[in-house]
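The values are calculated or read from the model by the stated rules, or taken from the named source; none is laboratory data. Nothing here was measured: the structure is a model prediction, and the numbers come from that model. Here the Cβ positions follow ideal geometry from the backbone for every residue, glycine too, while neighbour counts run over all protein chains shown.
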Amino acid sequence: MMTNLKVNVQEHFMQMLLRYINLRLDVKGQKQRLPLKSDARKAFFTRLRYLKSVFLFDTVPELLDLTPLESEVLEEIWSLDLPFLVDNPLAFAVVVDPMSFFPAYCRLSSLYEKHGFRRFSAIPLRRSLIQSHIRIDTVILHQHILCITRQEAEAVAKVDLWLRVCNLQNKAFRSRHGMCFEGSITTDGTSMSVYLKHPDADKYGKRGARKSAKTLEAEVKAVYVENNLPACRAAENVIVIDPNKRDILYCQDSNGTTFRYTANQRCKETGSRRIAKRREAMKAGGIDLIESRIPSHKTMNLMDFTRYLLVRRADSDRRKEFYSHPAHTRWKWHAFINRQKSESNLISNLRNKFGNFTIVMGDWSDAGRTARFQTSSKTKGWRTLFKRNRIDCFLLDEYKTSSVCPHCSSDVEKGFKTRPHSRPYRRREGKIEKVHGLLGCTNPNCLQQAWTMRYWNRDTLSTCNMVTIVQSMLDGHGRPEVFSRRSVPAVA
């Protein structure tokens, strides 16, 4: 539970604080009202950068410099009672000591609720009644499963205790790579995970020393391609990957060979959509109606949260009976196995397509919402997968890779084409939507053979620009100027 709270604050505090500032100052509305590349738009964002430096206590505001709304937002942030580290930015303090920010995170959730913004859960609760994996170590084994005294357990070897309930000759328990089984498993009654430990590994729960801001920043920079150019030059092939939501991975190499791994493909291979439909069919017996009456748990108001607990408690027996059905844990196990198969097939298909390669992946900076001193959690899982398969994977700053035409380096136009809404019920209402994945070059001289405007698929455009950036770095020219971040001063 404490680890869950710590990770939640560490990952999301800065993101939710900056989002609150944007919501209070109506940044989205201002972006829609102000014309592109206008002086008023530039002045607004210059002012916004200055205000954020004030709100995050990087800058001391001048006397009478803030408007009434800005002063109100500053007072609300002061009311959070944020803890500070001397001579270190706020983002660094969140990373090194997240639990000291937990009370402030709860107060921030209350501010969201007060102003009617979309609420978030400051205290992540496990709401699923499906049996989760629980850890069983040697102490739990002899106390609750074998039901013997401590003296009886200490009179025999640890291995002999586990032999009473497990077949230690099974390949899951065999030692490998210097690691061996030392008496710890997790299980949900359907599947089981066996934990192997290296003799030189630190004891579970041991904390390392606090790292400095420079050390954390250096660790983040170490995974970026700029600091790993020799490894990229030594690779037979370098492919760039743009991580997304619909096309989970869109890959391209310097020869223009492309490869896609889509969300639809993942759903089909893992069977998640089929399992969800079968679960919904089971819920149609009345469980869906019960769950629809449960109010939101995302509240910091004591009375509202008490109401949530009472309503949830009212029909808990029927819900427990439903979720105790063995089909739920069996589906969870099948989904895990199928996901592993899908990822294994992905690696095989990549190797068949590109041979031996090194990966340069976009860092999914999420429009700058990834906090300083941290890497995006969106890419963490993929980097772990590639590392497990002995594939080098480095990150690349995606700045402006979806905003520039690869042919002429001009800006591209977004949202210029519309279509009937993709959701059937919206389409029946006559709603339309912008085509997010189609971009057009604004340069009148950059035309296609048919003398028409040059159109780009968003993912293709992004990976083409990423290939250009990587090739420029490998040639020793650094990052091209058009894709470089310019340090814009934050002024009042």
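Here are the numbers:
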| item | result |
| --- | --- |
| Which listed residue, of ARG419, ARG428, is out of contact with any Cys (no Cβ under 6 Å at 6 or more places or on another chain), in the same structural domain as ARG479 (by TED's automatic domain parsing) and within 18 Å of ARG246 (Cβ to Cβ) | ARG419 |
| Residue pairs meeting the criteria (Cβ under 7 Å; at least 6 apart or on separate chains; first surrounded by 18 or more Cβ atoms within 10 Å (Cβ to Cβ), in the stretch 1-22; second of a type in the set (A, V, I, L, M) and outside any helix (DSSP H, G or I)) | MET14/ALA371 |
| Flag for GLU413 being over 27 Å from the mean Cα position of the chain (by Cα) and in a strand (DSSP E or B) | yes |
| Residue in the stretch 291-300 that is of a type outside the set (Gly, Ala, Ser), surrounded by 11 or more Cβ atoms within 10 Å (Cβ to Cβ) and assigned to a helix (DSSP H, G or I) present | yes |
| Any hit, the stretch 167-186, residues being assigned to a loop (DSSP other than H, G, I, E, B), hydroxyl-bearing (Ser, Thr, Tyr) and surrounded by fewer than 11 Cβ atoms within 10 Å (Cβ to Cβ) | yes |
| Criterion: under 28 Å from GLN10 (Cα atoms) and either outside the structural domain of LEU85 (by TED's automatic domain parsing) or polar (S, T, N, Q) (or both) - qualifying residue of ALA231, ALA222 | ALA222 |
| Which numbered condition ILE275 fails, given (1) touching a Phe, Trp or Tyr at 6+ places or on another chain (Cβ under 7 Å); (2) over 30 Å from HIS325 (Cβ atoms); (3) of a type in the set (Val, Ile, Thr); (4) in contact (Cβ under 8 Å) with a residue 24 or more places away in the chain | (2) |
| Options ASP97, ASP39, ASP58, ASP65; residue that is closer than 30 Å to LYS214 by Cα and exposed (fewer than 14 other Cβ atoms within 10 Å of the Cβ) | ASP58 |
| Residue selected from the stretch 436-471 under the condition of a type in the set (Gly, Ala, Ser) and either assigned to a loop (DSSP other than H, G, I, E, B) or surrounded by fewer than 15 Cβ atoms within 10 Å (Cβ to Cβ) (or both), by the criterion farthest from the chain's Cα centre (by Cα) | ALA450 |
| The listed residue being among the basic types (Lys, Arg) and either assigned to a loop (DSSP other than H, G, I, E, B) or in contact with a Pro (Cβ under 8 Å, 6 or more places away or on another chain) (or both), out of LYS268, LYS378 | LYS378 |
| Failed item, numbered, when ALA122 is tested on (1) assigned to a loop (DSSP other than H, G, I, E, B); (2) over 28 Å from LYS211 (Cβ atoms) | (2) |
| Qualifying residue in the stretch 321-329 (condition: over 28 Å from the mean Cα position of the chain (by Cα) and under 30 Å from PHE13 (Cα atoms)) | no |
